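The values are calculated or read from the model by the stated rules, or taken from the named source; none is laboratory data. The model shown is predicted, which means the values in this text are computed figures rather than measured ones. Cβ coordinates were reconstructed from backbone atoms using ideal geometry, including for glycine residues, and neighbour counts include every protein chain displayed.
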Amino acid sequence: TALSSRHGKRHGKKSKSRCSRKALHVNFKELGWDDWIIAPLDYEAYHCEGMCDFPLRSHLEPTNHAIIQTLMNSMDPNSTPPSCCVPTKLSPISILYIDSGNNVVYKQYEDMVVEQCGCR
Amino acid sequence: TRSAAIVPSSGPKRNRGSRSPHDGQRSPKFLKDVFASSPGLSGRDDFKNSVVPHDYMLSIYRTYSAAEKLGLNASFFRSSKSANTITSFVDRGKDELSHSPLRKQKYVFDVSTLSDKEELVGAELRILRKPPEDAMSSPSGLYNIELVSCASDRSLGSSVSVGLRDARNPAWEVLDVWDMFKSRLSPTHSSQLCVELKVTVSQSDAEKDLRSLGFDRGGRAQREKAILVVYARSRKRENLFNEMRGKIKSARGSRGSEQDTGMQFKARRRRR
């Protein structure tokens, strides 16, 4: 409700979409990290956003705990918050950077891109 | 697939998404502030411009990031030696001008930034051989490029045979130095690695003049200097903030005894 009202939506109306992957373009230059990252200067990281409400869809691969929490939330929203929409599968990206000794380093960083979102 | 962006973009891209990258308390903006105002790291653009990546490192990046986009794991490449971290150390050695002919060269690398949290899996020395201007008159045939220890003049078992007749164009000679490297990197290893290079004609112990063979290091650009390439595999998942911490630490170290800047840092930490 708080989120809906902040965006000027009417109270009571289900305005938030279901949990899914959304675009998140990361620009290292804007972050000020281009002074040590040589490449890439930007990439598509994605993020997860949306509601984990009852009934949970199977493609969201909910844990048993998330199913129980969602059920509890559907019965009494005041007693239990909904489960969280979070990354459930991530992939790496390659980064070429300058380390503290001025050496050029290639490193594959894990968990940099959201591949899949789910309810947990 | 999309080619990797090496060339800096023309300007900041804004309004790409519905959310600013600086939104939220967990934004790394504060890290940027620490970074930008850390003495020793301010003016990092100049610093970055002074570090020129070798073509080999750019090529590794391009190849592996293109493979990633195709869903391939870079560790499948034989050249990667199953490594997920590849570090290049640039040669700090210099040729002594007084030595003519030049029979030996010392290659010196500062490997102090190698982390003991990573499992080292390979090392190679890449040296650019640029044929001299009078290459047509230089001797041809098979040559042995050999590495010996700077301290003991003992052979390190790394050698490569090169047919100079076929190599009138500049070429990178690659020597596998893994055996030598791992035996020298004990827990109390020195931060410097020094090897001496000499070249002999095959089936002879006569050491050749390195300048006539194209190993002269005088007037070489940064990206033409020899590099020691070390392949490593991280034992655990590392996050980007480890790199940031390392840089901040090194910036603190470079500050030396500048006490007033120390006060600034403390004040900044209090604000944070």
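Out of the residues in the stretch A:16-34 that are assigned to a helix (DSSP H, G or I) and at the interface with chain B (Cβ under 9 Å from one of its Cβ atoms), state the one that is surrounded by the fewest Cβ atoms within 10 Å (Cβ to Cβ).
This residue is A:Lys29.
For the stretch B:217-240, indicate whether the set of residues that are in a strand (DSSP E or B), of a type in the set (A, V, I, L, M, F, W, C), at pLDDT 65 or above and touching a His at 6+ places or on another chain (Cβ under 8 Å) is non-empty.
Checking the stretch B:217-240: at least one residue is in a strand (DSSP E or B), of a type in the set (A, V, I, L, M, F, W, C), at pLDDT 65 or above and touching a His at 6+ places or on another chain (Cβ under 8 Å).
Please go through the stretch A:50-62 and give me each residue that is among the charged types (D, E, K, R) and either surrounded by fewer than 17 Cβ atoms within 10 Å (Cβ to Cβ) or not in a loop (DSSP other than H, G, I, E, B) (or both), ordered by number.
Within the stretch A:50-62, A:Arg57, A:Glu61 meet the criteria.
Filter the stretch A:88-119 for residues that are surrounded by 15 or more Cβ atoms within 10 Å (Cβ to Cβ) and within 19 Å of A:Asn64 (Cβ to Cβ) and give the result.
A:Thr88, A:Gln116, A:Cys117, A:Gly118, A:Cys119
Tally the residues that are more than 7 Å from every other protein chain (Cβ to nearest Cβ) and not in a strand (DSSP E or B), restricting the search to the stretch A:35-49.
2
List the pairs whose first member sits in the stretch B:90-102 and is closer than 15 Å to B:Arg223 by Cα, whose second member is of a type in the set (Asp, Glu), and whose Cβ atoms are under 7 Å apart, counting only residues at least 6 apart or on separate chains?
Correct list of pairs: B:Arg92/B:Asp110.
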